[in-house]
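Here is the structure we will look at.
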Ligand code: SAM
Ligand code: DTB
Ligand code: SF4
């Protein structure tokens, strides 16, 4: 425990070793949590949580084979596929989200990567959401450099693209794109000057070493992602990953804590999986340094806690939604929001 005083104010490092990260995971639970909370308090208001809302703007029928995903055309999940939404329909959803106090609107599309024609439509969505005064995030699959630049020019604040798991376990989960493809997309997003949102999933049957490997891959990126979503697998019937043993909640909390310690200035998002978590489990995640959630009744295709449930949780815990200027970037409106 003597490492805390020097560590808490330390600048972010990109030279973490796997051994150091494994040592963090191996700490007694209380030592790990107090260390994560100390780092968290050095960089953030511990009683504020950023809230974003998700919308699937193009659902299902995806050619990729990601083993966890409801939207892959290769898995029989019973999901109804739909075409890219009209811009006006998306803006109506964004307006409703803004009016309920949401500050960042995240749009997802079930593509391997966007076609140039579709990118025109997504750019119009981004411009429209920006005009509503919200931050924007999209997740559209793989990007080329010029595609990333187009999104930046449309005013995009964040691009979400996850590494999902360790480089070693990854081939067991996805075969249609490589880990290097994902790193290349992340580099294109960085080069275009956008904020990176990048994390992964826990609970897909990975080993403890794979969790170390995912954190290592994220924390040794040249610049840490501004936003790190940690997803607990939402088990979808018909997907290969749904056969994995259920995730131990305390292992999930450890993942959040190690992400917080290794990427001290990043927003760590308690992402998918909250629907199955108790208030107490979520409170432990916040204690471990999570400071962002998805808000609203749906993630992309699966349920999320209802807004009133989250408001009650925040009240129980004395948590306030993070005002825009306290977050990782974006417009400085000064408004607090859900
Ligand atoms: N199609 C794009 C892509 O994969 O690059 C964007 C959308 S994709 C659904 C975004 C991320 O959601 C995935 O990379 C994965 O990390 C997460 N995700 C998808 N299905 C999930 C599930 N069942 N449980 C937890 N996380 C999931
Ligand atoms: C991320 O890491 N998690 C979100 C967001 N980025 C796009 C998606 C979670 C999806 C959960 C399963 C579903 O709703 O289909
Ligand atoms: Fe397609 Fe994205 Fe789902 Fe993979 S995670 S199958 S790329 S929608």
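For the stretch 66-182, which helices (runs of 4 or more DSSP H) that fit wholly inside it have 2 or more residues that are over 30 Å from residue 49 (Cα atoms) and modelled with pLDDT of 95 or more?
Details: elements: 87-99, 116-131, 145-153, 170-173.
Passing ranges, in order: 116-131, 145-153, 170-173.
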- Which of the residues that make up the stretch 208-243 are within 13 Å of residue 266 (Cα to Cα), more than 11 Å from ligand 1 (Cβ to nearest atom) and either more than 19 Å from the chain's Cα centre (by Cα) or in a strand (DSSP E or B) (or both)? 227, 228
- Query: What number of residues in the stretch 33-52 are in a helix (DSSP H, G or I) and either free of Cβ contacts under 8 Å to residues at least 24 places away in the same chain or touching a helix residue (DSSP H, G or I) at 6+ places or on another chain (Cβ under 7 Å) (or both)?
  - Reply: 8
- With the condition kept exactly as written, say whether any residue in the stretch 9-20 is surrounded by fewer than 20 Cβ atoms within 10 Å (Cβ to Cβ), out of contact with any helix residue (DSSP H, G or I) (no Cβ under 8 Å at 6 or more places or on another chain) and in a helix (DSSP H, G or I). yes
- Complete set of residues in the stretch 42-72 that are out of contact with any strand residue (DSSP E or B) (no Cβ under 6 Å at 6 or more places or on another chain) and over 19 Å from residue 272 (Cβ atoms): 42, 43, 44, 45, 46, 47, 61, 63
- Task: Quick one: count up the residues across the stretch 100-144 that are more than 22 Å from residue 70 (Cα to Cα) and without any contact (Cβ under 8 Å) to a residue 12 or more places away in the chain.
- Result: 3
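Does residue 30 satisfy being touching a residue at least 40 places away in the same chain (Cβ under 8 Å), over 25 Å from residue 226 (Cβ atoms) and not in a loop (DSSP other than H, G, I, E, B)? Spell out the reasoning first.
Numbers: touching a residue at least 40 places away in the same chain (Cβ under 8 Å): no; over 25 Å from residue 226 (Cβ atoms): yes; not in a loop (DSSP other than H, G, I, E, B): yes.
Criteria not met by residue 30.
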- Item | Residue match in the stretch 239-257 (condition: within 25 Å of residue 98 (Cα to Cα) and crowded, with 20+ Cβ neighbours inside 10 Å) | no
- Query: Taking the stretch 143-178 as the region of interest, how many residues are closer than 25 Å to residue 93 by Cα and within 12 Å of ligand 3 (Cβ to nearest atom)?
  - Reply: 3
- Task: Only residues that are within 11 Å of ligand 2 (Cβ to nearest atom) and either free of Cβ contacts under 8 Å to residues at least 40 places away in the same chain or crowded, with 19+ Cβ neighbours inside 10 Å (or both): list them for the stretch 63-87, please.
- Result: 66, 68, 69, 70, 71, 72, 79
- Item | Long-range neighbours under 6 Å by Cβ, at least six apart or interchain, first residue in contact (Cβ under 8 Å) with a residue 24 or more places away in the chain within the stretch 239-252, second away from ligand 1 (no atom under 15 Å from the Cβ) | 249/281
- Message: Checking residue 107 against (1) within 16 Å of ligand 1 (Cβ to nearest atom); (2) over 19 Å from the mean Cα position of the chain (by Cα), only one condition comes out false. Which one?
- Response: (2)
- Task: Look at residue 113 and say whether it is surrounded by fewer than 24 Cβ atoms within 10 Å (Cβ to Cβ), within 16 Å of ligand 1 (Cβ to nearest atom) and under 30 Å from residue 18 (Cα atoms).
- Result: no
- Which members of the stretch 140-160 meet the condition of being surrounded by fewer than 22 Cβ atoms within 10 Å (Cβ to Cβ) and within 19 Å of residue 201 (Cβ to Cβ)? 141, 142
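For residues that are part of a strand (DSSP E or B) and either at pLDDT below 95 or over 18 Å from the mean Cα position of the chain (by Cα) (or both), scanning just the stretch 53-65, find the one that is farthest from residue 267 (Cα to Cα). Step through it out loud before you land on a result.
Here is the first cut: in the stretch 53-65, the ones part of a strand (DSSP E or B) are 53-58, 62.
Retained after the next criterion (residues that are either at pLDDT below 95 or over 18 Å from the mean Cα position of the chain (by Cα) (or both)): 58, 62.
Working: 58: 26, 62: 29 Å.
Checking each candidate, the answer is 62.
Kindly indicate whether any position in the stretch 169-178 is over 15 Å from the mean Cα position of the chain (by Cα), free of Cβ contacts under 8 Å to residues at least 40 places away in the same chain and under 23 Å from residue 87 (Cα atoms). Can you show your working first?
The first filter runs over the stretch 169-178 and keeps only residues over 15 Å from the mean Cα position of the chain (by Cα), leaving 169-178.
Those left that are additionally free of Cβ contacts under 8 Å to residues at least 40 places away in the same chain: 170-171, 178.
Filter once more, so that each one left must be under 23 Å from residue 87 (Cα atoms): none.
Scanning the stretch 169-178, I find no residue that is over 15 Å from the mean Cα position of the chain (by Cα), free of Cβ contacts under 8 Å to residues at least 40 places away in the same chain and under 23 Å from residue 87 (Cα atoms), so the answer is no.
Quick one: would you say residue 270 is closer than 30 Å to residue 15 by Cα, buried (at least 21 other Cβ atoms within 10 Å of the Cβ) and either within 16 Å of ligand 1 (Cβ to nearest atom) or touching a residue at least 60 places away in the same chain (Cβ under 8 Å) (or both)?
Values: closer than 30 Å to residue 15 by Cα: yes; buried (at least 21 other Cβ atoms within 10 Å of the Cβ): yes; either within 16 Å of ligand 1 (Cβ to nearest atom) or touching a residue at least 60 places away in the same chain (Cβ under 8 Å) (or both): yes.
Taking the combined requirement at face value, the residue satisfies it.
The values are calculated or read from the model by the stated rules, or taken from the named source; none is laboratory data. For clarity, every value in this text was computed on a predicted model and none was experimentally measured. All Cβ positions, even for glycine, are placed from backbone atoms using ideal geometry, and neighbour counts span all protein chains on display.
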